[in-house]
Amino acid sequence: MTDREAKRLEKLLYYVLGRRPDEFGLFPVNGLVKLKDLLKALNEIDGFKNIKAKQIRDFFAIFKPERLVYLEEEQLLGVRKEFADPHVYKTVFEAHPPPRLFTPVRPRAWIKVAEEGLAAEKIILTPEEDLAARMARRRGALVIEVDTRKAMQEGAVFERYLEKIFLSTWIPASALRGPKVDEAFRARYAPKPKEKPQEERPAQEIVIPEKAVPFRKLTKGRKKDPAWKRERRRRHRER
């Protein structure tokens, strides 16, 4: 990586992590983002579509950017707090969220979520359907629409993060709109039941009745010679 490429990467990382992570569908926890999540977002940007984790690690090892931090063991990245926008560390209670928000849900999970609602430590939502589609593609997920008014009527609470991200911990099923979970959907996405291995039958012991065993006379000691052998030995002695 050249110095010019390193400066370009540093500038991008500073903006993504320390200024507007919401534009990329990212929500830093304590100012830090998982490396794998960051890479998926960077791979959508022209000029960075082929960037790999090794290049990020090498960038930090060689150039040691002052404004950025990389925790190698935890695989977390961020902007040092003294350099970051203070709003990156804040969420605000939102009494009047947009009437529609969107969130990604994996197809297999949607089978249950459609009936029971969505619950998580942090549900990440956005009012921008295009951004939601990008977030969903990263996870192989569906884009699910949320009716915020109906959700709030049933007790859901929303927070705003910067401009393009909203957060919640629970959304009732009645406020969710997504593909119909019919038999075809279940057949395609529901987990397949595990087949039970066939039990091996124990070998049956075959009992042979005594009458079925043919009779054979048993003789003890040395068997008698046949008559022709005895006759030949006698003639040999007479010579």
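The values are calculated or read from the model by the stated rules, or taken from the named source; none is laboratory data. The structure displayed is predicted, hence computed values, not measured ones. Backbone-built Cβ (ideal geometry, glycine too); neighbour counts: all protein chains shown.
Quick notes on this one:
- Selection from the range 73-107 of residues that are surrounded by 15 or more Cβ atoms within 10 Å (Cβ to Cβ) and part of a helix (DSSP H, G or I): Val88, Pro107
- Just one of the listed residues (Arg138, Arg108, Arg100) is of a type outside the set (Gly, Ala, Ser) and within 21 Å of Ala151 (Cβ to Cβ), and it is Arg100.
- Scanning the range 148-158 for residues that are buried (at least 18 other Cβ atoms within 10 Å of the Cβ), without any contact (Cβ under 8 Å) to a residue 60 or more places away in the chain and of a type outside the set (A, V, I, L, M) turns up at least one hit.
- Selection within the range 117-147 - in a helix (DSSP H, G or I), among the basic types (Lys, Arg) and touching a strand residue (DSSP E or B) at 6+ places or on another chain (Cβ under 7 Å): Arg139
- Condition met for Lys11 (outside the structural domain of Ile124 (by TED's automatic domain parsing), surrounded by fewer than 17 Cβ atoms within 10 Å (Cβ to Cβ), part of a loop (DSSP other than H, G, I, E, B) and basic (Lys, Arg)): no
- The requirement of being within 30 Å of Glu183 (Cα to Cα), outside any strand (DSSP E or B) and at pLDDT 95 or above is satisfied by Ala114.
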